[in-house]
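Some notes on the structure that comes next.
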Amino acid sequence: MNFLDLIWLIPLIPLAGAAVMLFFGRRLSMTAIRAIGPGMVGLSLLLSLGAVAQLAGLEKKSHEVILCQWLPLIGADWGFLLDPLSSVMILVVTVVGFLIHVYATGYMAHEHGPYHGGYYRFFGYMNLFVFFMLTLVLANNYPLLFVGWEGVGLCSYLLIGFYFHKKSASDAANKAFIVNRIGDAGFLLGMFFLWTATGSLRFTEVNEALASARFAPEAGVFGLLSLTALLLFVGATGKSAQIPLFVWLPDAMEGPTPVSALIHAATMVTAGVYMCARSNALLALTPETSHIIAAVGAATAILAASIGLVQNDIKRVLAYSTVSQLGYMFVAVGVGAYWAAIFHLYTHAFFKALLFLGAGSVIHAMSGEQDMRRMGGLKDKIPVTFRTMFVASLTIAGIPPLAAFFSKDEILWQAWSSPLGSKALWTVGWITAAMTAFYMWRLMFMTFYGEGRMDERTRHHIHESPRSMTVPLTVLAAGSVVAGWIGMPKVFGETGFQQAFERWLEPVFEAAARAMHGAHEAAHHDATMEWALMGLSIGVAIGGILIARHVYLRLQEHERPTGGALYPVLYNKWYVDEVYNALLVEGLAKGGGGAMARFDAAVVDGGVNGTAWTTRLVSKISIWYDTWIVDGLVNLGAFTVRALSFPVRFFQTGFIHSYALMFLAGVLAIFGYYWWAR
């Protein structure tokens, strides 16, 4: 079977599942729903594996399938492109998405209701989410990518607000939708400018145009290409939750936990990183924009990590962790290490999905409780959940030889050694790594260790999750251990695993590497320095774990440091939401809206009403003038003519006998005159 020619089926199969669920789900049994929901994603996974295996056997690692002509004016067909970058993405989406769907069959079982309405609707939305994400990563042009881009935004709105009867959920869904529309406006403008510059929006044609002699790197200047790249990045800040558009993602925790896992690990938030990596030929020509991307990524990473230090909601800690890890990925994009960004995206999918699903298992065991201050002592009560989250927490902390160690260390090394990097970027990333280790093991110690702090009723009902939930946890834990081995750097020796991931992605980033004059290959020139920086990152990770252990296991609650004046700042998320509310909601929306309403009433409506009054006044004057002057003169002329015509009308009667009588009278008068004169 030629799987490469069937890549269009990879997104279509989940779409079929969504259609079945949303149109016919009410008539299906629970067993059928449990089979169709995950099964459709599983079929896409099998097709993806077959297609990627065949792609690996091609000399030219690229295959396009054009279904139909769509937007010929801008070079956008309804077509799909499978290359090393999209192959990584479809495997991430289908593997992790399938495991999350399986997990959800158990986690969402309480949604069956009298007609299991919430159950089939949930899987319909989830399948639709996977369809749009697969469309996004397989698209061969920017407009079709944007279709998937908007589709995942729609599905995030539906799934974050799944519990629509809760105001907090509907508010969170609205917030996610509105914030992402701001970013999408930038993306649209970026596409228009890119088409203006290159004459096409098809990936292959855009890259060929940018690689030609027509374009030179805009170093030291901020030209059209730099503006285009910046606008595309604005779109990425919305989807991938970077400063200043990161505020929607923590609130997205209002959705069911499988939704959180799917959004954070495999779908929506990775879309911005993917789009920037796909635009590598453009970014390689715009170092000024790349500096902005790296700076925003670093600032987002440390800001979100600092907030995660003090949050008490187990899912909210993980949400800020996602924002921080996405910041790492954008640092890699900004310094030109595009493959490192995708490598961390790939490893992050495993351990972040595991962390969210593990948190869901904890919440399931705790009868819906999410506050870590009411947990504790769970490691022996839910052992599978504990062990898998233990692995995930070591992984995200950057402990070797687990997956995130290799991907995060590669980003830190590129931030240090790349011509677009700097010591400041490395320092921010290194400090963020320490914070990450601390807040993740704070979560572990507060949740699983020590004495239980829950009430007796909750304590009595604590139990391990069913196999439908624990098996995906186990598989993801295995991925969190071994997924990074295919990207080990050269300093670990020469084996088949060394830089396999980088070599796989080389054809996609080849043009960018040429534009950057070989900086990508030069990043590994100093093995001694790389070992030293690696040791520092491991040391700070272990230090963060030990500090968390000392504070949350050794010290009593009244002995723990309070954080002083900084604690309320971090707990209230640097007051970013409050500032946005004051400036945008109260200030711009209400204050500005009120001012605009007054301006509209006084000036716009006043002008319109004044024009109407003036028109009425002028019309009255015109009526008077027309009546008494124009019509008066006409009527006076008519009266004069009528008065002067009266004698004439006396003689001009129109009757023959009158004329005969006057003729006879005239004749008699003439004869009388002559008679009298004689």
Helix 167-198 vs. the chain, principal-axis angle (Cα, 0 to 90°, nearest 10): 80 degrees
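Once Rh is set to the Kirkwood radius over Cα pairs, what Stokes-Einstein translational diffusion coefficient, in µm²/s, holds for the range 592-678 at a temperature of 25 °C and a viscosity of 0.890 mPa s?
Reported coefficient: 125 µm²/s.
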Calculated diffusion of the range 80-205, Stokes-Einstein form, Kirkwood radius summed over Cα pairs, 37 °C and 0.692 mPa s, µm²/s: 201 µm²/s
Label-to-label distance, nm, for residues given as GLN652 and LEU536 (7 Å Cα→Cβ offset): 11.8 nm
Surface accessible to a 1.4 Å probe, HIS550 within the full protein complex, Å²: 90 Å²
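Report Rg/Rh for the range 566-628, rounded to two decimals, where Rg is the Cα radius of gyration and Rh the Kirkwood radius.
My calculation puts Rg/Rh at 1.58.
Find the relative contact order for the chain and round it to a whole percent, using C-alpha pairs within less than 8 Å whose residues are 6+ positions apart. Intermediate values should be presented prior to the final figure.
Values: 1065 pairs, mean separation 76.9, N = 678.
Computed over the chain, the figure is 11 percent.
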If the convex hull is drawn through the Cα atoms of the range 636-678, its volume per residue in Å³: 63 Å³
0 to 90° range, to nearest 10: angle between helix 224-239 axis and the chain longest Cα axis: 70 degrees
Potential extension, GLU586-ILE670 segment - 0.36 nm per residue separation minus Cα distance: 19.5 nm
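Compute the semi-axes of the equivalent ellipsoid of the range 145-283, taking the square root of 5 times each eigenvalue of the Cα gyration tensor, and list them largest first in whole Å.
Taking √(5λ) for each Cα gyration eigenvalue gives 33, 13, 12 Å.
Residue separation times 0.36 nm, minus the C-alpha to C-alpha distance between GLU464 and GLU205: what's the value?
That works out to 87.9 nm of additional length.
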Separation between Cα centres of the range 612-642 and the range 343-364, rounded to whole Å: 85 Å
Dmax and Rg, reported as Rg then Dmax, of the range 273-418 (C-alpha, Å): 16.9, 55
Volume in Å³ per residue [convex hull over Cα atoms, computed for the range 347-415]: 96 Å³
Rounded accessible area per residue of the chain, 1.4 Å, Å²: 43 Å²
Highest-first arrangement of 325-338, 354-367, 593-606, where packing means the average Cβ count within 10 Å: 325-338, 354-367, 593-606
Radius of gyration and Dmax over the Cα atoms of the range 1-126, both given in Å: 16.9, 56
Surface accessible to a 1.4 Å probe, HIS461 within the full protein complex, Å²: 100 Å²
ALA424/VAL551 FRET efficiency (R0 22 Å; Cβ-Cβ; nearest 0.05): 0.15
Translational diffusion coefficient (Stokes-Einstein; Kirkwood radius from C-alpha pairs) of the range 430-512 at 20 °C, 1.002 mPa s, in µm²/s: 123 µm²/s
Nearest-0.05 FRET efficiency for THR528 and ALA597, computed from C-beta distance (R0 60 Å): 0.35
Projected label distance in nm at VAL630 and ALA500, using a 7 Å step from Cα toward the beta-carbon: 9.3 nm
For the chain: Kirkwood Rh in Å [reciprocal of mean 1/r, alpha carbons]: 28.3 Å
10 Å-binned pair-distance histogram of the range 187-267 (Cα, whole percent): 16, 35, 25, 18, 6, 0
Reduced Cα scattering model of the range 86-157, Debye log10 I(q)/I(0), q = 0.11, 0.14, 0.24, 0.27 Å⁻¹: -0.32, -0.49, -1.04, -1.16
Carbon/sulfur fraction of accessible area - the chain, other protein chains in place, 1.4 Å, %: 68 percent
Angle in degrees between helix 383-397 and the longest Cα principal axis of the chain, rounded to the nearest 10: 80 degrees
Approximate spin-label separation ARG181-MET662, in nm, with each point projected 7 Å along Cα-to-Cβ: 8.7 nm
17 Å reach of a label modelled at THR474, 7 Å along Cα-to-Cβ, counting backbone N of the range 322-365: 354, 358, 361
Where the Cα pairs of the range 223-343 fall when distances are cut into 10 Å bins, in %: 15, 47, 28, 9, 1
Debye equation applied to the C-alpha atoms of the range 1-72, log10 I(q)/I(0) at 0.12, 0.18, 0.25 Å⁻¹: -0.44, -0.77, -1.05
Long-range HN-HN contacts of ALA139 with modeled amide H, under 5 Å: LEU81
Burial order of peptide ranges 477-489, 235-247, 402-414 (average beta-carbon count within 10 Å, highest first): 402-414, 235-247, 477-489
Cα pair distances in the range 605-650, grouped into 5 Å bins until the bin that holds the longest one, percent each: 6, 19, 13, 12, 10, 10, 8, 7, 5, 4, 3, 2, 1
Per-q log10 I(q)/I(0), the range 390-479, q = 0.14, 0.17, 0.20, 0.25 Å⁻¹ (Debye; single scatterer per alpha-carbon; no solvent): -0.69, -0.87, -1.02, -1.21
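The values are calculated or read from the model by the stated rules, or taken from the named source; none is laboratory data. The structure presented is a predicted model; accordingly, all values stated were derived computationally and were not measured. Note: ideal-geometry Cβ built from the backbone for every residue, glycine included; neighbour counts use all protein chains shown. Please note that ligands, DNA and RNA were not included when accessible areas were found on the heavy atoms of the full protein model with its side chains. Shrake-Rupley method; radii C 1.70, N 1.55, O 1.52, S 1.80 Å.
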